[in-house]
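K.L.:
Structure incoming, see below.
The values are calculated or read from the model by the stated rules, or taken from the named source; none is laboratory data. Values in this document were obtained by computation on a predicted structure and should not be read as measured data. No Cβ is skipped: glycine too gets one built from the backbone with ideal geometry, and neighbour counts run over all protein chains shown. When the accessible area is computed, the model is the full protein with side chains, heavy atoms only, and any ligands, DNA or RNA have been set aside. Shrake-Rupley method; radii C 1.70, N 1.55, O 1.52, S 1.80 Å.
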Amino acid sequence: MGNCLKSPNTDDISLLRGSDAGPEVSSEQSANMGPPPPYQESIPIYHPSPNVSRPANQLTEEEQIKIAQRLGLINHLPTGVFDGTSKKAKECCICMEEFLLGDMLRFLPCMHTYHKDCIDDWLMRSFICPSCLEPVDAALLTTYETS
Amino acid sequence: MTNIAEARIRREFKEVVKSDEVAACNIKVELVNDTFNELRGEIAGPPDTPYAGGQFHLEIKIPETYPFNPPIVKFLTKIWHPNISSVTGAICLDILKDQWAAAMTLRTVLLSLQALLAAAEPDDPQDAVVAQQYKENHSIFEKTARHWTAVYAGGPKSYPDLDSKILSLKTMGFEEHQARAALSSKGWDLERATEYLIN
Ligand SMILES: [Zn+2]
Ligand SMILES: [Zn+2]
């Protein structure tokens, strides 16, 4: 599975999965990136850098900050629901499935579009567009400046 | 693998099978089992290289986290190339490591490997001995690579002088591949290769 956030019960997952998974969390709760309480059965796995995978409770403080920042950046990228009107975006290059009416999408600054779940999973590992290899964060800063 | 990895490989498999490169016999993939987590790849040695005329077989393993992580690929066919281990077949190629991107496919990987055969990167070696020979004694490198292509990948070029050196080591009791590897890494110097094998 490519899911870096496996447990449906953690606060962090709703940041990634939006309203389609897990309960809504207040911003106060989601800002807390500390290790999950010990009674939890499955601990989410994070990827602080591309080839490193570690459960949330084994991350260094530095890695936790990096992940929190990453989640914040991802959340700034626009999302939408596929309504069939876009002729350009037809298929998600990560899962290679065609978009279906009602699918949750995320739009990158380079204009590439993916399923929200697919791209969020990728962006947690690498902050480049998997199709054009454009760095997402650099592009993101430019969008901020112009808007 | 009841997930995105398997669904992707199913689609990609069809994509490669239909591709123009397959039609031109340049690349090929085959399934090893029906769980789609292991495949066999095949690439043709590019023309005008020491690998021309050879067919190179690859082991392709699909991690559960594919396509978020790259496939794990190695050469099954023995090959003499700076970026491929002459012993294990392990490959040093950026897109199979940190430059992987989720939109890349099996087809991209096979074509990139074919490109690697045409343009080695001796400064980023997997096999230090081969890389050194590539840089310091390029004509011996090319001859050795061509010889390996003929012996292991069905390439056309034979070198009776190299074969006779291997034969003399064989008559001394050394196994053929062992003799070839020793001679190759010692620039086909029979004395140095013998010394190397004895020690
Ligand atoms: Zn997708
Ligand atoms: Zn892009």
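K.L.:
What single numbered condition from (1) within 18 Å of B:Leu76 (Cα to Cα); (2) open to solvent by 60 Å² or more (accessible area, probe 1.4 Å); (3) assigned to a helix (DSSP H, G or I) fails to hold for B:Ser139?
P.N.:
(1)
K.L.:
Follow-up. Determine, yes or no, whether A:Glu98 is of a type in the set (Asp, Glu), free of Cβ contacts under 8 Å to residues at least 12 places away in the same chain, open to solvent by 70 Å² or more (accessible area, probe 1.4 Å) and within 14 Å of chain B (Cβ to nearest Cβ).
P.N.:
Judged against the criteria, A:Glu98 is a match.
K.L.:
Let me ask something else about it. Specify which of the listed residues (B:Ile27, B:Ile91) is modelled with pLDDT under 95, away from chain A (no Cβ under 11 Å) and closer than 30 Å to B:Lys135 by Cβ.
P.N.:
Of B:Ile27, B:Ile91, the one residue that is modelled with pLDDT under 95, away from chain A (no Cβ under 11 Å) and closer than 30 Å to B:Lys135 by Cβ is B:Ile27.
K.L.:
Can you go through A:Lys116, A:Lys88 and tell me which one is more than 10 Å from ligand 1 (Cβ to nearest atom) and more than 20 Å from B:Trp100 (Cβ to Cβ)?
P.N.:
Values: A:Lys116 fails: more than 10 Å from ligand 1 (Cβ to nearest atom).
Within the list A:Lys116, A:Lys88, the selection yields A:Lys88.
K.L.:
Looking only at strands (runs of 3 or more DSSP E) that lie completely in the stretch A:61-123, which have at least 3 residues being within 15 Å of ligand 2 (Cβ to nearest atom)? Please lay out each step first, then the result.
P.N.:
On the way: elements: A:79-81, A:104-107, A:113-115.
In the stretch A:61-123, the matching strands (runs of 3 or more DSSP E) lie at A:104-107, A:113-115.
K.L.:
Kindly indicate whether B:Ala44 is hydrophobic (A, V, I, L, M, F, W, C), buried (at least 19 other Cβ atoms within 10 Å of the Cβ), under 22 Å from the mean Cα position of the chain (by Cα) and over 21 Å from A:Met96 (Cβ atoms).
P.N.:
When the stated conditions are applied, B:Ala44 passes them.
K.L.:
Can you tell me how many residues within the stretch B:1-24 are touching a Cys at 6+ places or on another chain (Cβ under 7 Å) and either crowded, with 19+ Cβ neighbours inside 10 Å or away from chain A (no Cβ under 14 Å) (or both)? Even if it seems obvious, please write down each step before you answer.
P.N.:
Let us first name the residues in the stretch B:1-24 that are touching a Cys at 6+ places or on another chain (Cβ under 7 Å), namely B:4, B:7-8.
Next, from what is left, pick out any that are either crowded, with 19+ Cβ neighbours inside 10 Å or away from chain A (no Cβ under 14 Å) (or both): B:4, B:8.
Qualifying residue count, the stretch B:1-24: 2.
K.L.:
Quick check: is even one residue across the stretch A:129-137 more than 14 Å from chain B (Cβ to nearest Cβ), modelled with pLDDT under 90 and away from ligand 2 (no atom under 15 Å from the Cβ)?
P.N.:
Among the residues of the stretch A:129-137, not one is more than 14 Å from chain B (Cβ to nearest Cβ), modelled with pLDDT under 90 and away from ligand 2 (no atom under 15 Å from the Cβ), which makes the answer no.
K.L.:
Under 7 Å between Cβ atoms, at least 6 apart or on separate chains: pull out the pairs that start in the stretch B:62-75 with a residue that is away from chain A (no Cβ under 14 Å) and under 18 Å from B:Gly41 (Cα atoms) and end on any residue that is open to solvent by less than 40 Å² (accessible area, probe 1.4 Å) and assigned to a loop (DSSP other than H, G, I, E, B).
P.N.:
B:Lys74/B:Gly89; B:Phe75/B:Gly89
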